[in-house]
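Rule-based calculations on the coordinates, nothing more; no lab input. What you are looking at is a predicted structure, and each value in this text was computed from that prediction instead of being measured. Cβ atoms come from the backbone with ideal geometry, glycine included; neighbour counts cover every protein chain shown.
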Amino acid sequence: MENHRMPTVRPLEEADLSDAFEVLRELRAHLDKDEFLSRLERQRAMGYYLVGAYEDEVLVGVMGLRPVETLARGKYLHVDDLVVKAEERGRGAGKALVAYAEAEALMEGRSAVFLDSRPEVITFYRHLGYELHASPSMFKQLR
């Protein structure tokens, strides 16, 4: 069995954004780089930030985090856009990113971590102790 270290996880800086875009394209193929940067700038104004998982100085996974407070749920951290490069999956980057989110939430005094999940990765999140939320999400496309 290969002895493998956990990836290093840290907030991303401006210099990391080109690499982050390349990783995020695996999940958000509809975005070009300009639209990615434009959306990122608007989301940052509301507290959103990107975190990266690094293997030997190479970015292998990216996750967006946003602090939220609602009347229903109180203060929590919402995970957006968690993606690990296809060839790197199963090596600990996803687990390291989720652990980072949980530590951030606790450090910020938040009661929970929420996330949306594609059906094919629900098992991954369940393995980490996450449960399906009883309240289904709904939306209406306006344009």
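Quick notes on this one:
- Only Cα pairs under 8 Å and 6+ residues apart enter the sum, and on that basis the relative contact order of the chain stands at 22 percent.
- Net length available on complete extension from E41 to S135 is 30.9 nm, with 0.36 nm assigned per residue and the Cα-Cα distance removed.
- Evaluating 6.51 cos²θ - 1.76 cosθ + 1.60 at θ = phi - 60° for every residue in region 22-37, the Karplus couplings come out as 4, 5, 5, 4, 5, 9, 10, 5, 6, 9, 8, 5, 4, 5, 4, 5 Hz, glycine and proline recorded as x.
- Between Y49, A99, A72, the Cα set farthest toward the positive side of the dipole of the chain (charges on each charged residue's Cβ, about the Cα centre) is that of A72.
- Residue among G129, G61, G74 with the largest mean-square fluctuation in a Gaussian network model of the chain, springs linking Cα atoms under 10 Å: G129
- Using a cutoff of 8 angstrom between alpha carbon atoms and counting only pairs six or more residues apart, the relative contact order for region 1-71 works out to 37 percent.
- Take the Cβ atoms of R10 and D34, set R0 to 35 Å, and the FRET efficiency comes out at 0.85.
- A simple charge model with +1 on the Cβ of Lys and Arg, -1 on the Cβ of Asp and Glu and nothing else charged puts the dipole of the chain at about 700 debye relative to its Cα centre.
- For region 8-127, convex hull volume per residue from C-alpha positions, Å³: 117
- Using 0.36 nm per residue and subtracting the Cα-Cα separation, the extra length available between A86 and I122 on full extension is 11.3 nm.
- Note, ³J(HN,Hα) from phi for region 111-118, Karplus 6.51, -1.76, 1.60, rounded to Hz, x at Gly and Pro: 8, 6, 10, 10, 7, 9, 9, 6
- Taking the charge dipole of region 64-143 about its Cα centre, with +1 at Lys and Arg Cβ atoms and -1 at Asp and Glu Cβ atoms, the residue from M138, L128, L82 reaching farthest to the positive side is M138.
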